[in-house]
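Have a look at the structure below before the remarks.
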Amino acid sequence: MIKTRVSEMLGIEHPIIEAGMTGVSFGKLAAAISNAGALGTVVSTMGAHNFQKEIRIAKSLTKKPLAVNFPHLVMRTWEKQEMWDTVEIAIDEGIKIAVMAAGDPYILINRLKEAGMIVLHVGATVQHAIKAQEAGVDIFIANGAEAGGGASKEQVGNLALAPQVVDAIDIPVILGGSVIDARGLVAALALGAEGIYVGTRFIATHESPASEEHKQAILLAKDDSTSVQPGIGGRSLSKSFIQEIYPQLNRSFGAGQGAGLVREIFSVKEVIDHFVQDFEDVMENIYSLKI
Ligand SMILES: Cc1cc2nc3c(=O)[nH]c(=O)nc-3n(C[C@H](O)[C@H](O)[C@H](O)COP(=O)(O)O)c2cc1C
């Protein structure tokens, strides 16, 4: 068990939160992550009907806390009723934790707080963090330039971003972006974060609904195999890398720079057990350096 303000507020054993990922963060994966003591997330980008279906799948597989993800900027469709329907569905289904991503925190926060939710918000700069705190967000997720998916134009790396955010706000901070193993977890905590937001590592799990091509591409990736696509494409495995491994394929796959560290497909429980069990080895290693 790793106890921080984040694990206490969210009612989870370990402060490890599944990142919302379109095409990946479905019910079965979210439930497996929650059952393993972390926090599973169902993403809302699949449309209202399927979103409700996936929440129900997750709820049928776990009694532990679950989160939902509302990525404003990625969808850019807040004028559409269906997007607001996803918010009402999450509330009606009794979900108590919402992650707002990459957008104006004021758009949604009143409705989510009114419904009694704990609200997390993803951002990529100190300014985003201050605005989120002012809006009434409970926990800020500092998502560095390393992160897979929705990359910010600012591209601040986590080593610079996380401690500056921690110093600038009072609410707890979670670090997101290429946290793959216990070394990343310890580093996040050392920078003052109180939890981690994990995407890419969970794609390459047995329970993940990602395609075999996506999973294998992550296993083959190296540190420099990703690039940031223009527009809202975000960080994904670069075209040249995909061409190398799948010459017939004309598409890309979202992944963070940490993909190069993902060397095996594990079960979700193995991923989380590695984070937690290897934590002490990493700490002992660090302590052994001090004479
Ligand atoms: C395949 C993929 C899809 C993603 N889709 C979304 C999304 O729908 N909404 C969102 O807020 N962020 C999305 N992201 C970003 C993640 O929520 C998170 O910021 C990122 O995965 C963390 O970095 P990591 O992948 O290096 O662990 C996506 C990321 C990936 C890799």
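The values are calculated or read from the model by the stated rules, or taken from the named source; none is laboratory data. It should be emphasised that the depicted structure is a prediction, and the values quoted were computed from it without experimental measurement. Positions of Cβ are backbone-derived with ideal geometry, glycine not excepted, and every protein chain shown enters the neighbour counts. Quick note on the areas: whole protein, heavy atoms, side chains included, nothing else; ligands and nucleic acids left out. Shrake-Rupley method; radii C 1.70, N 1.55, O 1.52, S 1.80 Å.
Which longest uninterrupted range of the chain lacks any GluC sites (Glu not before Pro) assigned by DSSP to a loop state (not H, G, I, E or B) and surrounded by at most 14 other Cβ atoms within 10 Å? Please report the intermediate quantities before stating the final value.
On the way: sites that count: Glu79, Glu154, Glu264.
Result for the longest clean stretch: 155-263.
How much accessible area per residue does the chain have, in Å², with a 1.4 Å probe?
Values: 12940 Å² over 291 residues.
About 44 Å² of surface per residue is accessible.
Could you work out the helix-only [θ] at 222 nm for the chain, with each DSSP H run of four or more residues adding -39,500 (n - 2.57) and the total divided by the number of residues, to the nearest 500 deg cm²/dmol? Intermediate values should be presented prior to the final figure.
Numbers: 13 runs with 121 residues, N = 291.
Per the formula, -12000 deg cm²/dmol.
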Quiz item: Near Ile89, within a Cβ-to-Cβ distance under 11 Å, what is the net charge of the other residues, with Lys and Arg +1 and Asp and Glu -1?
Solution: -4
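Stick to Cα atoms and the Kirkwood definition of Rh, then tell me Rg/Rh for segment 197-280.
Rg/Rh: 0.99.
What is the local net charge at Ala160, summed over the other residues whose Cβ is closer than 14 Å to its Cβ (Lys, Arg +1; Asp, Glu -1)? Write out the running numbers ahead of the final one.
Numbers: positive: none; negative: Glu146, Glu154, Asp167.
Around Ala160, the surrounding residues sum to -3.
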Self-check item: Too-long pairs where the Cα-Cα distance tops 19 Å, listed order kept, from Lys96/Lys215; Lys64/Lys96; Lys28/Lys63; Lys59/Lys96; Lys64/Lys215
Solution: Lys96/Lys215; Lys64/Lys215
Self-check item: Neighbourhood net charge (10 Å Cβ-Cβ; Lys/Arg +1, Asp/Glu -1) for Gly256
Solution: +1
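What percent does the relative contact order of segment 101-220 come to when contacts are Cα pairs within less than 8 Å and at least six residues apart? Walk me through the numbers on the way to the answer.
On the way: 197 pairs, mean separation 22.3, N = 120.
Reported as a whole number, the value is 19 percent.
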Quiz item: Distance from the Cα centre of segment 131-209 to that of segment 2-62, in angstrom?
Solution: 17 Å
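In the chain, carbon and sulfur make up what percent of the accessible area (probe 1.4 Å)?
Working: 6880 of 12940 Å².
Of the solvent-accessible surface of the chain, carbon and sulfur hold 53 percent.
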Quiz item: Convex hull over the alpha-carbon atoms of segment 110-266: what's its volume per residue in Å³?
Solution: 125 Å³
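Pop out the Kirkwood hydrodynamic radius of segment 1-80 from its pairwise C-alpha distances, inverse of mean 1/r, in Å to one decimal.
Values: mean 1/r = 0.0779 Å⁻¹.
Across segment 1-80, the inverse of the average 1/r is 12.8 Å.
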Quiz item: Per the Kirkwood definition applied to all pairs of different Cα atoms, how many angstroms is the hydrodynamic radius of the chain?
Solution: 18.8 Å
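Taking the inverse of the average 1/r across all pairs of different Cα atoms in segment 174-223, what Kirkwood radius in Å do you get? Working shown, then result.
Working: mean 1/r = 0.0847 Å⁻¹.
When all Cα pairs of segment 174-223 are included, the Kirkwood radius is 11.8 Å.
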